[in-house]
Structures are given as structure tokens and as C-alpha cells.
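Beneath this line is the structure, given in C-alpha cells, with notes to follow.
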Amino acid sequence: MGAGVGWSYGLRRLIDLNKEMELSCKKEVAALLIPSSETLSMFTILEMLMDKEEKIGKCFKKSGPAGVPYSDFPTFQDWMANWTDNRNLEEDFPTKYFQTVGSNLSAAMEKGLDVIEPGCGAGRHTMAVAKKYPNSTFTAFDIDRAQLERNKVACEMMGLTNVTFLYADFCAMPEEWNGRFDYLMIYDCMHDLPHPAQAMAGLKRVLKEDGLVTMMDINTSSDMPTQVQTPMTAVMYNISMHHCMSVSLANGGVGLGACWGVELAQSMLQDAGWKEAEVRVVKVELHAIYIMTKGAGLH
């Protein structure tokens, strides 16, 4: 079952109780409640956030900290890996994702591209794509050194030889990467960064003359009165306040948060040097995919 069914249910009643005290639900609802459900695994983040209430509360005081740092979320990478695994399985990633992107991406990957993923976390996206496209080479980087070491072990267990995991900062990508990559792929990362404008400014720089960037992020509107009409909004703002905004602010950042919105993302990309004609946005349920073409794109 696709993720769309799960998000369409939003906050509706999922389970019915009759006078005989028997519980029942529709088949599609039952599919949401199994451990491998993408929707259910996403909501397990609430368990991870519950014990942060006191610390988040202190951030609202004038004398309090700006946010709660990543170090206070030791299980975040495990949660993100589980959510990603289940979402990738339900959505047949990367096949359907690349079909949505188009831009000759799959055919070019078959021939062989030099690919980079910033903020790779547990590396689930990179490893899935690397497995499907062995002719392409992959560089994935993150600021979590311990997770990077776990990623290397996972790659060895999968027999992947076309992936390199590195420690690096997305907001300050090395100069030696200038003009090196054909394709840069970003998944649910940009809104967590302390300085996303700096990260966006580096996107074109590390691409070859003809290249492609895809950025998957949360599909919301930057206009709050518009966004609150969506049933899932309260949940998304809650999660964003407790984690996404908080970790950015704790690192001296701007605190965009998960609900920064498509309009602001498009404006920031233009400020980073992407012309309107170079950016295409495809909205798919919970996510928006920003497809940015440099030069002639992929061949």
C-alpha cells in the first residue's frame, strides 16, 4: 500500500468499537498499523521526542538555550533508518522516485555517474541506489562520525564496492569537490541544517557543467493560514519544533524546521543562483521533490 493512503487518513478515527466490544477496521487501515508501515514508523518519532519536553520548554525562556542539540537525540539515526527503510519498501525506491524525477536520470545512472549525497545519515538512500546502479560511484557524507562507521560496515555486508562514506559539513563543502559530480541527491536534510542558504550556495559549485540536483523535503506551504487547513499540520509543526528547528537553533542556525514550505524553498534556491526555469517542483503526498538542472542536465 502506498504512503498516500496513510497520510490521507491523517487524524481520522482508525478503529471502530461496537456494542459487543469488538474492534474492527478497514483493510487499508490495518495495513497502517503493522510494524513495517511507513506511516506508523514515522509516528514512532513521538516516542523519541516525549522526554525532551522539559528541555524544549526551557528554550522558550529568554535566559534559556536556543535549542536542543543532536547529541540529545541518540536514537534519531535509528529512527530515521527505520522510517526510510519502510518508506523505500512501500514506494519501490529508487525505481518510482527516479521515474518521478525523469530528466533521463535512470538511463544516465545505468551508464555510470559520479553521485554525491550530503547529510546521508544512516546511508539508506545511497546504499539502495548504489545497489541498483553498480556502474555509478557514490560519495555520501555526514557530520555523525559514529554513524558513518556503521554505514561502512553495512556496505561491506551488502557487498557494495561503489560507495565511499566521508565526514564533511554540508554547509561548507570542500573546494576540491568543485565541478566533480554529475548528480547530487538530498533526502529530508535541508530543513535541519543550521545554515541552509550556505548549503544551497554550494550545490551548483560541486556539479559538473551539466548536472542534476534532486532535493526531497517535506511538502508544506510557507503560508501558515494555508498550511493549517491540512489535517497533518499540527503533527508536523509539533515534530519540527521538538527536533528539526531545535537542532538547527542549538547549532547557531536559522531554525527553518520541517514546515519551512515550498514557497520559501523556491525563494532560497533563487537566492542561491538557481533560475526559475532551472527548478521544477513535483509534490508527492508528504514530500515535495525539487529537481534542479544545471546546463544541459544529464545525458
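Some notes on this structure:
- Accessible solvent surface per residue of the chain, calculated while the other protein chains remain in place, 1.4 angstrom probe, Å²: 49 Å²
- The stretch 45-88 and the stretch 220-279 have Cα centres lying 17 Å from one another.
- Cut-off under 5 Å, modelled amide H: who pairs with PHE141 long-range: GLU117, GLY119, CYS120, LEU166
- Mean separation of Cα pairs under 8 Å and 6 or more residues apart, divided by the residue count, gives the stretch 169-285 a relative contact order of 30 percent.
- Projection of the Cα convex hull of the chain, averaged over all directions and equal to a quarter of that hull's surface, yields 17.3 nm².
- Overall, the chain carries a charge dipole of about 200 debye about its Cα centre when +1 sits on the Cβ of Lys and Arg and -1 on the Cβ of Asp and Glu, all other atoms neutral.
- As a fraction of the 1.4 Å probe accessible area of the chain, surface on carbon and sulfur atoms comes out at 54 percent.
- Where both bridge residues fall in the chain, DSSP classifies roughly 50% of the beta bridges as antiparallel.
- Shown in residue order for the stretch 284-298 are the 3J(HN,Hα) couplings computed by the Karplus curve 6.51 cos²θ - 1.76 cosθ + 1.60 at θ = phi - 60°: 10, 6, 5, 10, 10, 10, 9, 10, 10, 10, 9, x, 8, x, 8 Hz (x for Gly and Pro).
- Working note: Karplus 6.51/-1.76/1.60 with θ = phi - 60° gives the stretch 115-123 the couplings 10, 9, 10, x, x, 6, x, 7, x Hz, where Gly and Pro are set to x.
- Close amide H contacts of VAL284 (hydrogens built in the peptide plane, cut-off under 5 Å, sequence separation of 5 or more or a different chain): ILE289.
- Here's how it looks for TYR187: its modeled amide H is under 5 Å from those of MET216, which are all 5 or more places away or on a different chain.
- Peptides 275-284, 240-249, 201-210 ordered by average Cβ neighbours within 10 Å, highest first: 240-249, 201-210, 275-284
- Charge tally around GLY253: other residues with Cβ under 15 Å, Lys/Arg +1 each, Asp/Glu -1 each, net -2.
- Violating pairs (Cα-Cα greater than 26 angstrom) within the set LYS58/LYS283; LYS132/LYS208; LYS27/LYS96; LYS52/LYS152; LYS111/LYS275; LYS27/LYS132: LYS58/LYS283; LYS52/LYS152; LYS111/LYS275; LYS27/LYS132
- A full extension of the chain between GLU175 and GLU209 corresponds to an added length of 10.7 nm, given 0.36 nm per residue minus the alpha carbon distance.
- The modelled label-to-label distance for the pair ILE34/LYS62, using points 7 Å beyond Cα in the direction of Cβ, is 5.5 nm.
The values are calculated or read from the model by the stated rules, or taken from the named source; none is laboratory data. Computed from a prediction, not measured in an experiment: that's the story for all the values here. Because the Cβ atoms are built from the backbone with ideal geometry, glycine has one as well, and the counts that use them run over all protein chains shown. Quick note on the areas: whole protein, heavy atoms, side chains included, nothing else; ligands and nucleic acids left out. Shrake-Rupley method; radii C 1.70, N 1.55, O 1.52, S 1.80 Å.
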